[in-house]
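The values are calculated or read from the model by the stated rules, or taken from the named source; none is laboratory data. No experiment lies behind these values; they were computed from the predicted model shown. Note that we place each Cβ from the backbone using ideal geometry, even for glycine, and neighbour counts take in every protein chain shown.
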């Protein structure tokens, strides 16, 4: 009755937690030395500090993530402004502002010039309705009209959420995100991110909780293929020998889309998965400015950047960390060139918020440039159609991951929802025969009228 979960990213951890808390024996296999996948922390020897392998901004609307944090006792490891505010800076105009959303569903903020995007006109709000009503083939660019709202808010948000350029990105996926966040008002849009690191918030407490529940965690243990017998998975091939999958056992594949075909090709020869990917570029500068920040940047500890290579700058202890989404177009630029260019932008964006009027130095501080070449599937309408369901044609094999069909783009929330969905399918499948047996044992000789009623 063991559930074998292949992949220790957030989808796998979410599935494992749900199953372990339900009393199911769980064994989790992670190929790398640490769990967390694309949302983890590591010690960087070059900079002499701990880094996240990417920057992730959570919203209060991410109910699956916050439920997960509550279950592992880690909600208090997040930091944020406690209000739905989003500081921005336009490099070309040399202008900074803060979008401050109304907490309720009525968007009063759009009527206040101090709280909305500078230069926007109310008629531009029609783009938000078009996003919410978008069909499966519509792109972000199809919905956006030229103007400040698109250029200074919606397109930067869409690129960071979908990790895909607006001329290709699915408006339907963005509309689904908006339906759960902006459409519910600012109370659903309060931003949060880990105080110390992704692993400290999302991974380490989850592993501690799983071990306390009796789950087995095997890191550095790569599953290379699935063995099949009688139409079911009956073994996992590991470097040190096969792991047997019992007759009542189940398997959840929670690995990246680019690896699932190689791993499950024999078991699922007709499986279609996303096959186009977008990269994310992160630059981590070794400089500490937290104690010098003022204003809304001090409150939020992040700022969006318009008109440059940089898209978001996060202020963390000892680090200014920059994220560039949909970064395939930067693949040919050298690390030194990127570090210098982006530092110039960071300096222009952050210096106005520093106490004492002393700007950041002109010369870039030590920097680590991290390219995640296949960070997410390209969130285009065509790629969205390739996303499979959790349940597969193999009775004891399910899929989980941010690339599995869940109505959301490749986000932490989507990954965790897919893990929950797979776990709950297994739990409901297991419960159905037991419930049927209980009903049968209690009605060995039911009255004829009840028999007819059941048949009807």
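So that you can scan it fast, the table gives a plain yes or no per residue for (1) without any contact (Cβ under 8 Å) to a residue 24 or more places away in the chain; (2) more than 22 Å from the chain's Cα centre (by Cα); (3) closer than 21 Å to residue 67 by Cα; (4) buried (at least 21 other Cβ atoms within 10 Å of the Cβ):
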site: 166; (1), (2), (3), (4): no, no, no, yes
site: 174; (1), (2), (3), (4): no, no, no, yes
site: 190; (1), (2), (3), (4): no, no, yes, no
site: 227; (1), (2), (3), (4): yes, yes, no, no
site: 240; (1), (2), (3), (4): yes, yes, no, no
site: 253; (1), (2), (3), (4): no, no, no, yes
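Within the stretch 82-100, does at least one residue satisfy the condition of being out of contact with any strand residue (DSSP E or B) (no Cβ under 6 Å at 6 or more places or on another chain), outside any helix (DSSP H, G or I), modelled with pLDDT under 95 and under 27 Å from residue 202 (Cα atoms)? Scanning the stretch 82-100, I find no residue that is out of contact with any strand residue (DSSP E or B) (no Cβ under 6 Å at 6 or more places or on another chain), outside any helix (DSSP H, G or I), modelled with pLDDT under 95 and under 27 Å from residue 202 (Cα atoms), so the answer is no.
Test residue 374 against the stated conditions and say whether it is touching a helix residue (DSSP H, G or I) at 6+ places or on another chain (Cβ under 8 Å), surrounded by fewer than 19 Cβ atoms within 10 Å (Cβ to Cβ) and within 25 Å of residue 283 (Cβ to Cβ). It is true that residue 374 is touching a helix residue (DSSP H, G or I) at 6+ places or on another chain (Cβ under 8 Å), surrounded by fewer than 19 Cβ atoms within 10 Å (Cβ to Cβ) and within 25 Å of residue 283 (Cβ to Cβ). Scoring residue 149 on the criteria (1) under 20 Å from residue 86 (Cβ atoms); (2) surrounded by 17 or more Cβ atoms within 10 Å (Cβ to Cβ); (3) under 23 Å from the mean Cα position of the chain (by Cα) leaves a single failure, condition (3). Whenever a residue of the stretch 283-307 is in contact (Cβ under 8 Å) with a residue 40 or more places away in the chain and on the phi > 0 side of the Ramachandran plot, its partners that are assigned to a helix (DSSP H, G or I) and surrounded by fewer than 23 Cβ atoms within 10 Å (Cβ to Cβ), lying with C-beta atoms within less than 7 angstrom and at least six residues away or across chains, give the pairs 295/353.
Every residue, every condition in (1) out of contact with any strand residue (DSSP E or B) (no Cβ under 6 Å at 6 or more places or on another chain); (2) under 17 Å from residue 307 (Cα atoms); (3) in contact (Cβ under 8 Å) with a residue 12 or more places away in the chain, yes or no:
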site: 334; (1), (2), (3): yes, no, no
site: 350; (1), (2), (3): yes, yes, yes
site: 354; (1), (2), (3): yes, no, yes
site: 364; (1), (2), (3): yes, no, yes
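When 137, 200 are checked against the criterion of being surrounded by fewer than 19 Cβ atoms within 10 Å (Cβ to Cβ) and not in a helix (DSSP H, G or I), a single residue qualifies: 137.
The single residue among 417, 368, 424, 430 that is assigned to a helix (DSSP H, G or I), under 23 Å from the mean Cα position of the chain (by Cα) and surrounded by fewer than 21 Cβ atoms within 10 Å (Cβ to Cβ) turns out to be 424.
Yes or no: the stretch 424-438 includes at least one residue that is modelled with pLDDT of 95 or more and in contact with a strand residue (DSSP E or B) (Cβ under 9 Å, 6 or more places away or on another chain). Checked the stretch 424-438: at least one residue is modelled with pLDDT of 95 or more and in contact with a strand residue (DSSP E or B) (Cβ under 9 Å, 6 or more places away or on another chain).
One line per residue, one yes/no per condition, for (1) closer than 30 Å to residue 70 by Cα; (2) assigned to a loop (DSSP other than H, G, I, E, B); (3) over 30 Å from the mean Cα position of the chain (by Cα):
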{"residue": "204", "(1), (2), (3)": "yes, no, no"}
{"residue": "209", "(1), (2), (3)": "yes, no, no"}
{"residue": "221", "(1), (2), (3)": "yes, yes, no"}
{"residue": "260", "(1), (2), (3)": "no, no, no"}
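Out of 114, 165, one residue alone is outside any helix (DSSP H, G or I) and either more than 30 Å from residue 374 (Cβ to Cβ) or in contact with a strand residue (DSSP E or B) (Cβ under 8 Å, 6 or more places away or on another chain) (or both). It is 114.
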